[in-house]
1. Which Rg and Dmax, in Å, describe the Cα atoms of the protein assembly as shown?
2. What is the count of Lys pairs in segment B:107-199 whose alpha carbons sit under 17 Å apart, if the two are 8 or more places apart or on different chains?
3. Hey, for B:Ala186 with labels 7 Å out along Cα-Cβ, what do the inter-copy distances come to in nm, ordered shortest first?
4. Report the residue of chain B with the smallest Cβ-to-axis distance, using the rotation axis that brings B onto A, in whole Å.
5. Let me know the shape class of segment A:117-185, please: from the alpha-carbon gyration tensor, a ≥ b ≥ c as square roots of the eigenvalues, rounded when a/c is under 1.5, otherwise prolate if a/b is greater than b/c, or oblate.
6. For segment A:12-97, which whole-number percentage of the solvent-accessible area (1.4 Å probe, protein heavy atoms only) is attributable to carbon and sulfur atoms?
7. For the A and B pair, go ahead and give the buried accessible area with a 1.4 Å probe, both sides summed, in Å² to 100.
8. Determine by what factor the alpha-carbon radius of gyration of chain B differs from 2.2 N^0.38 Å, reporting the quotient.
There are 2 protein chains.
Amino acid sequence: MLPDPIRKFIDIASSLPSIGPRQATRLAFYLIQQGKGTISEIMKSLAGLGNLKPCANCFFPHENTKQVLCHICGDPKRNKSIIAIVEKETDLISLENTKKFMGRYLILGDLKKGILESNQKLRLNNLKAFIQKEFGGKAEEVIIAFNPTTYGNLNALAVANELKDYAKKITRLGRGIPTGGEIEFADEETLSEALDKRS
Amino acid sequence: MLPDPIRKFIDIASSLPSIGPRQATRLAFYLIQQGKGTISEIMKSLAGLGNLKPCANCFFPHENTKQVLCHICGDPKRNKSIIAIVEKETDLISLENTKKFMGRYLILGDLKKGILESNQKLRLNNLKAFIQKEFGGKAEEVIIAFNPTTYGNLNALAVANELKDYAKKITRLGRGIPTGGEIEFADEETLSEALDKRS
């Protein structure tokens, strides 16, 4: 009974991650109510996304038309010999927001359990070539910044194995009780990591 | 640190109902990864929404270019003398899905607490004119299909008051324990309604 354009929109919107058919339906009627002005603004912002390119080094999207690097990889003040490998763009953003990391990144993309996909291997090969060319042999440090989950740990092992000849040091992010966390509610694994890593 | 097009998209997307900045950010990177093809499909489906018009009688959006009525209000088999007044388009869809209601609808739009906004009064006046013109005086029945919440009840009173001279009968949806619900977990209000309305 729904008009075709509404059904089509619901189909497409609910195929996006974490939008269900109910939310998509509400969204459709909301947008219809808002009218053409709002809709064309959203269309413009979508077109903007389509024009971004991935950075040739870290694969974070950027809009620089005249160069292949994003503003992090193109920044001469960053230490390119310390490389943080992250799964997602949002992980990179979170790390950048700490303002504590002055190296460069590599985004690998959504990880499957312990198996690197071919395009993820390509990105790692890209990094190896970069390390070889820039530093002759080994980078100072590779930080594998994956989530401390079973999957994250398996994938970290796979990546560490790939890069073992390309870095003087391969590290992972520190583990322990998060700021504001309560010992009473920390799981055993976290608490035993926190004991191990006490300082 | 985010490229402008990403920031703009996040701003707009997170201004939509029930999309937060985090979901909008994930969505942005997802769409960038999917690339121009997916993005232009979404843009097309958005454009489709922009071309819908509200039905002159019930205000449900439709795509009929040659007439002002939706397929429900334009259906000669529906009994236009029984009018269900709903808050949202999605309420209309839920009622239609029962296949039990053969009257017509009026969508009022998001209700504030017990106060009808001017454009909601316009829609009610539109209905009054329709009733006057089609039936001379009174419609057979007006069903006020608002949520059985405190707000819904207040609004139902306001609407019933507006329409008291325009319908032989003004009703609301039945109240009681929902199918599959458990008496043990029903709240007191629901249970006392179910007792009152036992049959």
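The values are calculated or read from the model by the stated rules, or taken from the named source; none is laboratory data. All values reported here derive from a predicted model rather than from experimental measurement. So basically every Cβ, Gly included, is an ideal-geometry build from the backbone, and we count neighbours across all protein chains shown. Please note that ligands, DNA and RNA were not included when accessible areas were found on the heavy atoms of the full protein model with its side chains. Shrake-Rupley method; radii C 1.70, N 1.55, O 1.52, S 1.80 Å.
1. Looking at the protein assembly as shown, its Cα Rg and Dmax stand at 28.9, 92 Å.
2. 12
3. Those label-point separations list as 4.9 nm.
4. Per the Cβ-to-axis criterion, the result reads B:Met43, 2.
5. Judged from the Cα gyration tensor, segment A:117-185 comes out prolate (a/c at least 1.5, a/b above b/c).
6. Accessible surface attributable to carbon and sulfur in segment A:12-97 totals 53 percent.
7. It comes to approximately 4400 Å² buried between A and B.
8. 1.30
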